[in-house]
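The values are calculated or read from the model by the stated rules, or taken from the named source; none is laboratory data. In this text, all values refer to a predicted model and were calculated from it rather than measured experimentally. No Cβ is skipped: glycine too gets one built from the backbone with ideal geometry, and neighbour counts run over all protein chains shown. Surface areas here come from the heavy atoms of the whole protein model, side chains and all, with no ligands, DNA or RNA. Shrake-Rupley method; radii C 1.70, N 1.55, O 1.52, S 1.80 Å.
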Amino acid sequence: MNRRLIGVLGGTFDPIHRGHAQLARDAVSALALDEVRCVPAGNPPHRSAPIAGAADRLAMAQLAFADQPGVVIDDAEIRQPGPSWTILTLERLRTALPDAALVLIVGADAFLGLPTWHRWQDLIARAHLAVANRPGSNLDVAVMPQPLRNLFEAHRTTDITELHRSAAGCIVSFTMTPCAVSATQIRSAVRQGQPIADLVATPVENYIRHHHLYI
Ligand code: ATP
């Protein structure tokens with residue numbers, strides 16, 4: 001069965017930057033995704049609270065992907081009260097899109113932190129996982145904690161056509177064009193009055209300036 005492949009790109013996006021856009025673009029081309037759902041976290045429980053409010057992070061995500069057809073901004077985590085657990089987002093999408101295969105897209109750094117996520121071992125039953133290399137954080141089994149390594153070794157495949165054959169359950173890695181940008185770096189650059197034009201899309205930079213974010 002040739003299922004629709006829906007990528008799911010979650011994050012705090014505080015702010016959304018060129019690395020996120022590159023990640024989405026390269027995931028679409030490397031994995032032949034039909035669509036990417038970009039899901040800004042409302043209240044991410046496993047890390048410190050975002051600096052910008054949810055409405056601002058959502059608005060910046062909409063601006064960043066306005067010219068990228070095939071990327072849909074999903075505001076459900078922001079609208080719903082309570083903690084933003086990725087597993088709940090996947091369960092919601094699984095119900096909404098019963099015939100699609102879901103592909104949770106993460107950078108290698110996020111993948112290595114997976115064991116801190118709520119019900120992390122249930123994720124693979126709801127979606128495939130696609131892990132992108134990220135400058136400074138490549139996918140190396142030697143640095144994975146043992147339970148993550150077990151999951152990786154049990155589910156990894158190099159054949160991306162397998163993503164279409166089942167709705168969930170595979171882990172693939174893909175190489176993205178390296179883009180050494182982080183939201184932390186942008187927040188600090190804004191605080192210090194340094195330029196950010198190379199780090200975020202122009203409409204996002206304009207939004208940050210106009211709303212006096214991160215100063
Ligand atoms: P922060 O610096 O605040 O930790 P971040 O830049 O890592 O933020 P997130 O919103 O936490 O951004 O990231 C969401 C997802 O995007 C994660 O899976 C992360 O690994 C991935 N990601 C972020 N930046 C990059 C990048 N430059 N290259 C590849 N993946 C990235």
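Odds and ends about this structure:
- With a 1.4 Å probe rolled over the protein heavy atoms of all chains, the accessible area of Leu5, Leu199 falls in the order Leu199, Leu5, largest first.
- Counting only protein heavy atoms and using a 1.4 Å probe, the accessible area of Asp99 comes to about 100 Å².
- Stokes-Einstein diffusion for the chain, with the hydrodynamic radius set to the Kirkwood value over Cα pairs and evaluated at 37 °C in a medium of 0.692 mPa s, equals 187 µm²/s.
- With all protein chains modelled, accessible area of Thr184 [1.4 Å, Å²]: 90
- Region 70-156: Rg to Rh, with Rh as the Kirkwood radius over Cα pairs: 0.97
- Distance between the modelled labels on Gln146 and Glu162, one decimal in nanometres: 2.4 nm (7 Å Cα→Cβ projection).
- Crossing angle, helix 54-64 versus the chain [Cα axis fit, 0-90 degrees, rounded to tens]: 80
- Sites Ala197 and Ser29 - FRET efficiency at Förster radius 25 Å, r taken between beta-carbons, to 0.05: 0.50
- Estimated FRET transfer efficiency (Ala76, Arg3; beta-carbon r; R0 22 Å; 0.05): 0.55
- In the context of the full protein assembly, Trp120 retains an accessible surface of approximately 30 Å², using a probe radius of 1.4 Å and ignoring ligands and nucleic acids.
- Cα→Cβ-extended label distance, 7 Å offset, between Asn43 and Asp67, nm: 3.7
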